[in-house]
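A.B. asks: This is the structure I have questions about; it appears just below.
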Amino acid sequence: MTGVRKVFQRSVMDTLQEYFSTRVSTFLDRTGLSRTRFGRMALGDPNLMRQIDVGRSLTLRTADRVLAFIAGFGREPGGAREPPRRPRHRKPASKSRSTTGSRAMSEHQTQPRTTSPIRFVRLHEVMARTGLSRSTIYVMMAEGRFPKPVPLGERSVGWIESELEEWLRDRIAAR
């Protein structure tokens, strides 16, 4: 009994795939849309048709979405719409209502920053900049010949970039 069921299911699936392929091909021929544009408009995936060509099987939900797109393509004024895009996250606006800050800033001249902001460099970047291995860096730190890191968290450290650059300049000057 299961062999007959599998053959029946396979033939039904082949029929559905043929129906889907025929509908999409007819739609593309009728509208003149490129395959990439069609995939982008129908599902937001420009590689949809390429993936179907190499054997990707669509879920019934996805196939229904594509067929619904095809069915509704001429109904809306201006054609089918692009799928909704995910909104970008924006920082919330400042809630301060005081306007005196802007006036105060314009009255006082700002001085140019004389020091650069502190930046921490993690171990992989220290290794890339110095050309030293991890073990060599830690041996040199124990001997006092390399800058010590600053604890950043419970299990993370970072080197101050300016100290690392100063150490590199000292190495260049010492040659």
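The numbers here are math on the coordinates, done by the rules we state, and not lab data. Small disclaimer: the values here were computed from a predicted structure and weren't measured. Reconstructed Cβ throughout: ideal geometry from the backbone, glycine too, with neighbour counts over all protein chains shown.
A.B. asks: Please state the relative contact order of the stretch 120-173 as a whole percent: Cα pairs under 8 Å, 6+ residues apart?
C.D. replies: 39 percent
A.B. asks: Can you give me the long-range amide H partners of Asp45? Hydrogens built in the peptide plane at 1.01 Å from N, cutoff under 5 Å, separation of 5 or more residues or another chain.
C.D. replies: For Asp45, whose amide H was placed from the backbone, the distant partners under 5 Å are Arg40.
A.B. asks: May I ask you to order 39-48, 165-174 by the average number of other C-beta atoms within 10 Å around their residues, highest value first?
C.D. replies: So the order, starting with the most tightly packed, is 39-48, 165-174.
A.B. asks: Still on this structure, please answer the following. Apply the Karplus parameterisation 6.51 cos²θ - 1.76 cosθ + 1.60, with θ equal to phi minus 60°, to every residue of the stretch 34-41 and state each ³J(HN,Hα) to the nearest whole Hz, in sequence, with x for glycine and proline.
C.D. replies: Running phi through 6.51 cos²θ - 1.76 cosθ + 1.60 with θ = phi - 60° gives 6, 5, 5, 5, 4, x, 5, 6 Hz.
A.B. asks: Would you please give the residues with an amide H less than 5 Å from that of Val150, counting only those at least 5 places away or on a separate chain, with H modeled from the backbone geometry?
C.D. replies: The list, which skips near neighbours in sequence, is Gly158, Trp159, Ile160.
A.B. asks: Still on this structure, I have one more. Label Arg122 and Ser25 with points 7 Å out from Cα along Cα→Cβ: what is the distance between them in nm?
C.D. replies: Output for this residue pair reads 5.1 nm.
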